[in-house]
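Undergrad: Got a structure for you, written out below as structure tokens; questions coming shortly.
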Amino acid sequence: MRITVIGTGYLGAVHAACMADLGHEVLGVDTDTQKIAALQDGRAPFFEPGLEDILVRAVGSGKLRFSTSLQEAAEFGDVHFICVGTPQLPGGTGADLSHIEAVVDGLAPHLRRDCLVIGKSTVPVGTAARLAARIARLAPVGEAAGLAWNPEFLREGFAVQDTLRPDRIVAGVTTEAADTALRAVYASVLDLGTPYITTDLATAELVKVAANAFLATKISFINAVANVCDAAGADVMTLADALGHDTRIGRRFLSAGLGFGGGCLSKDIRAFMARADELGVGDSLQFLREVDQINTGRRTLAVDMARELAGGSFAGRNVAVLGAAFKPDTDDVRDSPALEVARVIQSEGAVVRVHDPRATYNARRACPALDYAEEAVKACEAADMVLHLTEWREYHEIDPFELASVVRTPRLLDGRNVLPLDQWRAAGWTVRSLGGADR
């Protein structure tokens, strides 16, 4: 099929490359000329494992190319995927739909033949129906330019895998033709036995935000329990392991620590609450306010524990922070708990030096006042304490004996509850962890 992917950020770049890898002819479209030039050269504008290999292969084969023209997209494509961002509104909690509306307003007037516009962006329920009417009104071909909603479920660090081998495909459609087109797009993925769920537009919109709300709730639940474990002298990691054996609960996303960040969970649960308020059912999602507060409270707790470990004050202390990305296997620092903790500690008088295997460039742009090191050991030189805040594998493999020889005082706060703390104690470190009762 001839597919356009409009918006080449995290979602769009991955989707475009993977659709080409599946054999479609793909045109990626964006207003950012520098990003388009990089992608056309086979260079990914962000770090995502496996993406650059697929990108190079797709561009080299001629299956994938890029443009800045929505008119060209309309003339080229039979199917148009909208993959632009829906960030939180400035000064509010709802979703900013201006980018997706701009795409519709720019694309629809050029739609002169039968086609299908497919939304992948995360939007408040009701958006798709409104956009469908807008497209039909603006497109010369009228209602022959249909609309469907196909939410994305990508995990940063696993986005290529999640596109080529997803755990499900959700198709919100209003016509049999739209369903047939989506099945054709994903034919080779469906051949692998991937579940395909056909539903209405509103349900498809809600599936994504409900999934993110559930994941956020699960993370905040175990972090709330971690607070009780800390007070009672219990080990939340062992508790989580025990809970995880219950198949109704499961172990994934049940790890206590610094909490979630990134560009999705926080803004999505806030937009979900805002839309529920608009629909008159805001009381149904009141618990998500607690979920959000518990999550942000973990950052405050980490700062408080680090301050206590420092002897009550950060003034004059050297603090090493291991991790800047909001999670491992990405260079994304949006709403990063690690960077927020580092920034607050610096504001209280500490000299903070940060290391991250992939996110240093983005971290410098977001927090230029912090110091940065190219190597983890360099970040820890003469440190009065080390904070482990993003669970990159290489931090798990650090030799605590070697690191003890470069710090000024061997103190460690494990904000992710994954380091082998017995080994660190054996190397002479004073250790604390969030909810682990210093296991």
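The values are calculated or read from the model by the stated rules, or taken from the named source; none is laboratory data. Everything numeric in this text was worked out from a predicted model, so none of it was measured. Positions of Cβ are backbone-derived with ideal geometry, glycine not excepted, and every protein chain shown enters the neighbour counts.
Undergrad: Let me confirm something: among 221, 260, 253, which residue is closer than 30 Å to residue 165 by Cα and surrounded by 22 or more Cβ atoms within 10 Å (Cβ to Cβ)?
TA: Residue meeting the stated conditions: 260.
Undergrad: Determine whether segment 311-327 contains at least one residue that is over 30 Å from residue 408 (Cα atoms), modelled with pLDDT of 95 or more and outside any helix (DSSP H, G or I).
TA: No, there is no match, as no residue in segment 311-327 is over 30 Å from residue 408 (Cα atoms), modelled with pLDDT of 95 or more and outside any helix (DSSP H, G or I).
Undergrad: Consider residue 417 carefully, then state whether it is of a type outside the set (Asp, Glu), in a helix (DSSP H, G or I) and buried (at least 19 other Cβ atoms within 10 Å of the Cβ).
TA: No.
Undergrad: Now for a separate question. Considering only segment 20-38, state which residues are β-branched (Val, Ile, Thr) and surrounded by 14 or more Cβ atoms within 10 Å (Cβ to Cβ).
TA: Scanning segment 20-38 gives 26, 29, 31, 36.
Undergrad: Residue 36 passes all but one of (1) within 20 Å of residue 100 (Cβ to Cβ); (2) part of a helix (DSSP H, G or I); (3) under 21 Å from the mean Cα position of the chain (by Cα); which number fails?
TA: Among (1) within 20 Å of residue 100 (Cβ to Cβ); (2) part of a helix (DSSP H, G or I); (3) under 21 Å from the mean Cα position of the chain (by Cα), residue 36 violates only (3).
Undergrad: Pairs needed: first member in segment 364-388, in contact (Cβ under 8 Å) with a residue 12 or more places away in the chain and among the acidic types (Asp, Glu); second member anywhere, in a loop (DSSP other than H, G, I, E, B) and surrounded by 20 or more Cβ atoms within 10 Å (Cβ to Cβ); C-beta distance under 7 Å; at least 6 residues apart or different chains.
TA: 384/310; 384/317
Undergrad: Would you confirm whether any residue within segment 99-112 is within 18 Å of the chain's Cα centre (by Cα), surrounded by fewer than 23 Cβ atoms within 10 Å (Cβ to Cβ) and of a type outside the set (Gly, Ala, Ser)?
TA: Checking segment 99-112: not a single residue is within 18 Å of the chain's Cα centre (by Cα), surrounded by fewer than 23 Cβ atoms within 10 Å (Cβ to Cβ) and of a type outside the set (Gly, Ala, Ser).
Undergrad: Further, regarding this structure: Report yes if residue 377 is in contact with a strand residue (DSSP E or B) (Cβ under 9 Å, 6 or more places away or on another chain) and at pLDDT 95 or above, otherwise no.
TA: yes
Undergrad: Scan segment 347-357 residue by residue and report those that are buried (at least 19 other Cβ atoms within 10 Å of the Cβ) and in a loop (DSSP other than H, G, I, E, B).
TA: Result: 350, 356, 357.
One line per residue, one yes/no per condition, for (1) within 20 Å of residue 394 (Cβ to Cβ); (2) crowded, with 21+ Cβ neighbours inside 10 Å:
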{"position": "323", "(1), (2)": "yes, yes"}
{"position": "332", "(1), (2)": "yes, yes"}
{"position": "345", "(1), (2)": "no, yes"}
{"position": "365", "(1), (2)": "no, no"}
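Undergrad: For segment 39-51, state whether one or more residues are crowded, with 17+ Cβ neighbours inside 10 Å, among the basic types (Lys, Arg) and in the same structural domain as residue 104 (by TED's automatic domain parsing).
TA: Taking every residue of segment 39-51 in turn, none turns out to be crowded, with 17+ Cβ neighbours inside 10 Å, among the basic types (Lys, Arg) and in the same structural domain as residue 104 (by TED's automatic domain parsing).
Undergrad: Among (1) within 18 Å of residue 318 (Cα to Cα); (2) surrounded by fewer than 23 Cβ atoms within 10 Å (Cβ to Cβ), there is one condition residue 423 misses while meeting the rest; what is its number?
TA: Residue 423 satisfies every listed condition except (1).
Undergrad: From the list 283, 292, 246, exactly one residue is at pLDDT 95 or above, more than 22 Å from residue 336 (Cβ to Cβ) and outside any loop (DSSP other than H, G, I, E, B). Which is it?
TA: Every option except 283 fails the conditions.
Undergrad: Still on this structure: Being free of Cβ contacts under 8 Å to residues at least 40 places away in the same chain and under 20 Å from residue 205 (Cβ atoms) is true for just one of 106, 172, 60, 146. Which residue is that?
TA: 146
Undergrad: Return the residue satisfying two criteria in turn: it lies in segment 82-103 and is outside any helix (DSSP H, G or I) and free of Cβ contacts under 8 Å to residues at least 24 places away in the same chain, and of such residues it is farthest from residue 204 (Cα to Cα).
TA: Among them, the one singled out is 91.
Undergrad: Determine which single condition residue 129 fails, assuming it passes every other condition in (1) closer than 21 Å to residue 27 by Cβ; (2) surrounded by 16 or more Cβ atoms within 10 Å (Cβ to Cβ); (3) over 23 Å from the mean Cα position of the chain (by Cα).
TA: (1)
Undergrad: Then there is this: Applying the selection to segment 121-149, what residues are within 16 Å of residue 78 (Cα to Cα) and part of a loop (DSSP other than H, G, I, E, B)?
TA: 139, 140, 141
Undergrad: Tell me, which helices (runs of 4 or more DSSP H) lie completely within segment 360-402 with 1 or more residues that are more than 23 Å from the chain's Cα centre (by Cα)?
TA: Answer list for segment 360-402: 376-380.
Undergrad: Please tell me if residue 259 is touching an Asp or Glu at 6+ places or on another chain (Cβ under 8 Å), closer than 22 Å to residue 87 by Cβ, in contact (Cβ under 8 Å) with a residue 60 or more places away in the chain and assigned to a loop (DSSP other than H, G, I, E, B).
TA: no
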